Amino acid sequence: MLYYLIVCRSLTFAQRTAAVLGRAGIPAAIRRTPAAIAERGCSYSVKLSQKNLSKALVILRKVELTPRQIYITEADGSYREVSL
Amino acid sequence: MIYLDAAATSLQKPVSVLRAVNECMRSCASPGRGDYPAARRAGQVLYECRQEAADLFGANAPEQVIFTVSATHGLNIAIRSYVRPGSRVVISGYEHNAVTRTLESIPGVNVVSVSGKAFDTEGDRCAFEQAFKTVPDVVICCHVSNVFGYILPVKEVADLCRERSVPLIVDASQSAGILPVSLQELGASCIAMPGHKGLLGPQGTGLLIVREGERLMPVLTGGTGSESRLQTMPDFLPDRLEAGTHPVAAIGGLSVGIRAVKSMGRERILSHERRLIQQLERALKGFEMVEVLGPEREEDRIGVLSFRVKGQDCEEIAGMLAEKGFALRAGLHCAPLAHRTAGTLETGTIRVSLSPYNTEAELAAFVRTLGKILQK
């Protein structure tokens, strides 16, 4: 299944991001950022379904939690950065 | 044992705190490192505690809550971030060695300790105003004296700092969980506090509440579980100031301790402790040999009281009380500056400090026992 990953700089930011989205009724799961896209080393990401991204971005901007990077999964399992 | 040393640590904790520590010990792995259930649980424990603390201490976001091992640790981070060799630092006349020794360790710092007449809020406010005639680089002020329970005019000091854009470090070691402490309202740069006193958490916990946008320097460097390729500490909070594995079980206990304080009600705790300390003060003043030290007005004090006995060594009196089952502390309480301000540096004092769990009957027993000791 294709999904988006919002890459967060720390676990705390990922937790806050997931909490804000959860309160808005958007399912968001925290997971380790895949090594292939973790440019600076370890980090956490928030996983979102495709249909929820635009609504999620609006909500996150409102609380000044603008994501640093967002990736989408490709059919071959790789990740492609999405320009914001 | 009757425990009267809550200003050192709150020995009696809610049962829910003990349960939380136990539960975390059994179920939490290292937070912020792995992606398996026990690691996620640990991360959740930390996040919940940050949220509880942010809510209680007026921080906008959980990342402004930094876990430390003690108030001393938090004060070290804050002081070493703002104070440079040659800085002019204004401090209150009641600071703990956690502040004064740390300042002493930075070469060439000009420390200006200000105080009016002892335990005089208005005098202290004027003394700070006077000290601002030359604008300081940093101001450090404890909210409450750990020796005398005296509440300093920290709000007025914060106003002075805000008007002149001077960083303010507040030591809330004795006030957190008892008095209102709000980062937003004070506008302080940061507020340091222990987790094991008024917040009823385990020892080995502390919090540093940091204003948004402040760039503090870590006193510990190491792994954070973030940006691991980089050989410098992350530039964002809380990771920048939290190297190494967190004491998750203790933090889990602290989280529940904060919830317990919220549920008991900070105002109720304060009014209970004030009522008891007033009763104790009246009783102690009935002994001719006893000199009670501290503010006159009830509203200037929390549940901490210092006294000394004419012609008697304070440590010996505390020792005799300990033999009779009373746990309290005598001496200088790691705050020689406060004793100098109060004129008790040569003798020290005996300190009674209360928690929400103390009762009238305990203090009545204390007064009876002290009376017997004094008759000997």
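Inter-chain Cβ neighbour count for B:60-70, averaged per residue, equals 2 (cutoff 10 Å, partner chain atoms only).
Helical content of chain A, expressed as a calculated mean residue ellipticity at 222 nm, amounts to -8500 deg cm²/dmol (DSSP H runs of 4 or more residues, -39,500 (n - 2.57) each, divided by residue number, nearest 500).
Taking label points 7 Å from Cα along the Cα-to-Cβ direction, B:GLU212 and B:GLU299 give a separation of 3.3 nm.
Separation of the range A:48-84 from the range B:208-240 is 25 Å, based on Cα centroids. Rounded, prolate or oblate: pick one for the range B:316-376, where a ≥ b ≥ c are the square roots of the eigenvalues of its C-alpha gyration tensor, a/c under 1.5 means rounded, and failing that, prolate if a/b is larger than b/c, else oblate. Because a/c hits 1.5 or more and a/b fails to exceed b/c, the range B:316-376 counts as oblate. Between B:LEU280, B:ILE269, B:LEU4, the Cα set farthest toward the positive side of the dipole of the protein assembly as shown (charges on each charged residue's Cβ, about the Cα centre) is that of B:ILE269.
Each Cα pair under 8 Å and six or more residues apart adds its separation to the average, and for the range A:3-82 the resulting relative contact order is 39 percent. For B:PHE57, B:PHE326, the sequence from fewest to most other C-beta atoms within 10 Å is B:PHE326, B:PHE57.
The GluC sites (Glu not before Pro) of chain A that DSSP puts in a loop, and whose beta carbon has at most 10 other beta carbons within 10 Å, are A:GLU64, A:GLU74. Remark: for residue pairs B:LYS197/B:LYS285; B:LYS13/B:LYS155; B:LYS324/B:LYS372; B:LYS13/B:LYS262, the C-alpha separation exceeds 22 Å in B:LYS197/B:LYS285; B:LYS13/B:LYS155. Per-residue ellipticity at 222 nm, computed for chain B from helices alone with -39500 (n - 2.57) per DSSP H run of at least four residues, works out to -12500 deg cm²/dmol.
Across the range A:33-49, coupling constants 3J(HN,Hα) worked out from phi with the 6.51/-1.76/1.60 Karplus curve, θ = phi - 60°, read 6, x, 4, 4, 10, 8, 4, 9, x, 4, 7, 10, 10, 10, 8, 10, 6 Hz, and Gly and Pro carry x. The GNM of chain B, with springs linking C-alpha atoms under 10 angstrom apart, assigns the highest mean-square fluctuation among B:ALA249, B:ALA38, B:ALA192 to B:ALA38. According to the Cα-based calculation, Rg over Rh for the range B:231-319 is 1.22, with Rh computed by the Kirkwood formula.
In this simple spin-label approximation, B:ASP137 and B:LEU374 carry label points 7 Å from Cα along the Cα→Cβ vector, and these lie 4.8 nm apart.
Farthest toward the positive end of the dipole of chain B, out of B:LEU220, B:LEU18, B:SER306, is the Cα of B:LEU18, where the dipole comes from beta carbon charges about the Cα centre. The distance separating the Cα centre of the range B:97-162 from that of the range B:274-352 comes to 23 Å. Peptide A:4-13 shows a mean partner chain C-beta count of 6 within 10 Å per residue C-beta.
Ranking B:ALA260, B:GLN184, A:ALA24 by Cα position along the charge dipole of the protein assembly as shown, where only Lys, Arg, Asp and Glu carry charges on their C-beta atoms, puts A:ALA24 farthest toward the positive end.
In terms of the Cα gyration tensor, with a ≥ b ≥ c the square roots of its eigenvalues, is the range B:57-194 rounded because a/c is under 1.5, prolate because a/b exceeds b/c, or oblate? Rounded.
Under 1.5 on a/c is rounded, so check that first for chain B, then, if it is not, pick prolate when a/b is larger than b/c and oblate when it is not; a ≥ b ≥ c are the square roots of the alpha carbon gyration tensor eigenvalues. Oblate, since a/c reaches 1.5 and b/c is not below a/b. In chain A, the longest principal axis of the Cα atoms and the axis of helix A:53-62 are about 50 degrees apart. In a simple Cβ point-charge model (Lys, Arg +1; Asp, Glu -1; nothing else charged), chain B has a dipole of about 580 debye relative to its Cα centre. For the range B:277-372, applying the loop criterion from DSSP together with a ceiling of 15 other beta carbons within 10 Å to the GluC sites (Glu not before Pro) yields B:GLU288, B:GLU296, B:GLU346. Tell me the Kirkwood radius of the range B:117-212: reciprocal of the mean inverse pair distance over distinct alpha-carbon atoms, in Å. Computed over Cα pairs of the range B:117-212, the Kirkwood hydrodynamic radius comes out at 13.8 Å.
Backbone phi angles across the range B:106-114, fed through the Karplus curve with coefficients 6.51, -1.76 and 1.60 (θ = phi - 60°), yield HN-Hα couplings of 9, x, x, 7, 9, 8, 10, 8, 10 Hz in residue order; Gly and Pro are listed as x. The translational diffusion coefficient of the range A:3-82, from Stokes-Einstein at 4 °C and 1.567 mPa s with a Kirkwood hydrodynamic radius over alpha carbon pairs, comes to 104 µm²/s. Here is the list for the range B:151-245: trypsin sites (Lys or Arg not before Pro) lying in DSSP coil, each with at most 14 other C-beta atoms within 10 angstrom of its C-beta, are B:ARG164, B:ARG215, B:ARG229. Legend: mean number of C-beta atoms from other chains within 10 angstrom of residue C-beta atoms, peptide B:234-246, equals 2. Here the protein assembly as shown is treated with +1 on each Lys and Arg Cβ and -1 on each Asp and Glu Cβ, and its dipole about the Cα centre works out to around 1160 debye.
Simple point charges give the picture: +1 on the Cβ of Lys and Arg, -1 on the Cβ of Asp and Glu, and for the range A:3-82 a dipole about the Cα centre of about 340 debye.
Over the protein assembly as shown, the alpha carbon radius of gyration divided by the compact-protein estimate 2.2 N^0.38 Å works out to 1.09.
The numbers here are math on the coordinates, done by the rules we state, and not lab data. No experiment lies behind these values; they were computed from the predicted model shown. We place every Cβ from the backbone using ideal geometry, glycine too, and count neighbours over all the protein chains shown.
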